[in-house]
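For reference, the structure is listed below as structure tokens.
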Amino acid sequence: MKTEVIVIDRKALRPQDGEAGYPELDRQLAGAARILRDGGLVAFPTETVYGLGADGLNAGAAEKIYAAKGRPSDNPLILHISSREEIFPLVEEVPETAGILMEKFWPGPLTMIFRKSGIVPYQATGGLDTVAVRMPDDIVANRLIALAGVPVAAPSANLSGRPSPTTAAHVLQDMDGRIEMILDGGPVGIGVESTIVDVTGRIPVLLRPGAITLEMLSEAVGQVDIDPAILGPLTADVRPKAPGMKYRHYAPKAELVLVEERGGAASGRAGSGQAPVGNAVISRIRELAGEKIKEGHVVGIICTDETRDCYPEGIVRSVGRRGDEETIARSLFAVLRQFDDIGAEYIYSESFARDNLGRAIMNRLTKAAGYHIIYCGDQERRP
Ligand code: TXA
Ligand code: MG
């Protein structure tokens, strides 16, 4: 299959003088919408990461997504809609808390889990009686869904096990020859996937942290519980409520290890995102990297602008200023992909605060590391 890449001219996106809507953008998206209606696959930008879209009410189209991604078909998809009203045919009910969250955070990087209606095929929900729904904020995504006239089922547009794509080039790397079309809308704004909240129970449950933070959710609706699968490695007796969270997602080809100061900058004090990383972490990463380099391995280091000059050896990549969590979130997956491309065999990463957006950053990093974290600090340095 030949994969066509269409570059969307963001400058042409503003409504033209005297015209309603986005006629120029709609013209650019007409072919893509037709492919979706005909049961084909189109990758498109959203504000979080690029999605791999298909008609979410067409069982055969949804199945094609699993084949293109090489993804297990028990892993359910998110249905993307273009206006709030489109939720009603898809779900049994919209609980009160969901109504509040929709009002406040849609369109935006929030996915909610509802009990599904009869029109949603089990092929899109991985056999579950619930369905994930999100209304993206990106105008390209919004107009594409509206023009297709169907809810668009879309996982992140990466091959299963690869970091989610934050540029069209990432999508092309993984999907060339596997899908009909890629819409290139430039780099995404957020860079980590949407927050997922299960609203089917009395108390909402956070299943995946994202840019709509736990703090923001709690402020809007009070108590929000956290699925244990977010916090650490899964043991046999804990089953994640988001089936996708059980797979080793976002996995770079290299062995990734996080280095964290126990009780230090990254341990999750409120507002600690600004704190500099300690010397103990820097020297431990230098030591670990140095050993592997001496053995002849290709070694990557993930750090911040403040510490990039502290590492004399290895391939050093900064994800941004430590206090700027938005930039860190936006850079993270691209840096992991770069290390794949370079052929890094070991990656050592500094850790980050675990509150606010840091919760999403650390969730992705610890999962990519297979929960391999080395703690260091004063105690360890004492004889
Ligand atoms: O930001 C995003 O959410 C991106 C863009 C494209 O919208 N999409 C995305 O999709 O990240 P995906 O498929 O990579 O991740 C969807 C997650 C998976 O972990 C899946 O298990 C979970 O959502 N999920 C989907 N339906 C669910 C359901 N009914 N119950 C529980 N978890 C569900
Ligand atoms: Mg994904």
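Since every read-out is calculated from the coordinates, none of them should be taken as a lab result. Since this is a predicted model, take the numbers as computed values, not measurements. So basically every Cβ, Gly included, is an ideal-geometry build from the backbone, and we count neighbours across all protein chains shown.
Tabulated results
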read-out: Point-to-point label distance, Ile342-Val298, nm (Cα→Cβ direction, 7 Å offset); value: 0.9
read-out: Cα-only radius of gyration and Dmax that characterise region 1-100, units Å; value: 16.1, 48
read-out: Extension gain (nm, one decimal) between Arg308 and Glu215, 0.36 nm per residue minus Cα-Cα; value: 30.4 nm
read-out: FRET E, pair Asp74, Leu159, Förster distance 22 Å, beta-carbon r, rounded to 0.05; value: 0.80
read-out: Sites Ile226 and Ile100, calculated FRET efficiency, Cβ-Cβ separation with R0 25 Å, nearest 0.05; value: 0.85
read-out: P(r) histogram, all alpha-carbon pairs of region 255-381 included - 5 Å bins from 0, percent; value: 2, 12, 23, 26, 22, 10, 4, 1, 0
read-out: Within the chain, helix-based [θ] at 222 nm, where runs of 4 or more DSSP H residues each add -39,500 (n - 2.57), nearest 500; value: -9000 deg cm²/dmol
read-out: Translational D in µm²/s for region 4-230 (Stokes-Einstein at 20 °C, 1.002 mPa s, Kirkwood Rh from C-alpha pairs); value: 122
read-out: Per-peptide average of other Cβ atoms within 10 Å, ordering 75-87, 282-294 highest first; value: 75-87, 282-294
read-out: Aspartates and glutamates whose Cα lies under 16 Å from that of Lys241, excluding same-chain neighbours fewer than 8 positions away; value: Asp74, Asp129, Asp198, Asp225, Asp227
read-out: Pair Arg34, Glu287: separation of 7 Å Cα→Cβ label points (nm); value: 6.4
read-out: Model label zone, Glu93; criterion: amide N under 15 Å from point 7 Å along Cα-to-beta-carbon; scope region 188-232; value: 199-204
read-out: Label zone at Ile374, where the point sits 7 Å out along the Cα-to-Cβ direction: region 294-321 residues whose backbone N lies under 18 Å; value: 294-304, 308, 310-317
read-out: Whole-Å distance, taken between Cα centres, linking region 130-152 and region 163-194; value: 16
read-out: Rounded D (µm²/s) - the chain, Kirkwood Rh over Cα pairs, Stokes-Einstein at 4 °C, 1.567 mPa s; value: 60
read-out: Whichever lysines have a C-alpha closer than 22 Å to that of Lys253, once near sequence neighbours (fewer than 8 apart) are set aside; value: Lys69, Lys292, Lys294, Lys367
read-out: Magnitude of the charge dipole, region 255-381, Cβ model with Lys/Arg +1 and Asp/Glu -1, debye to 20; value: 280
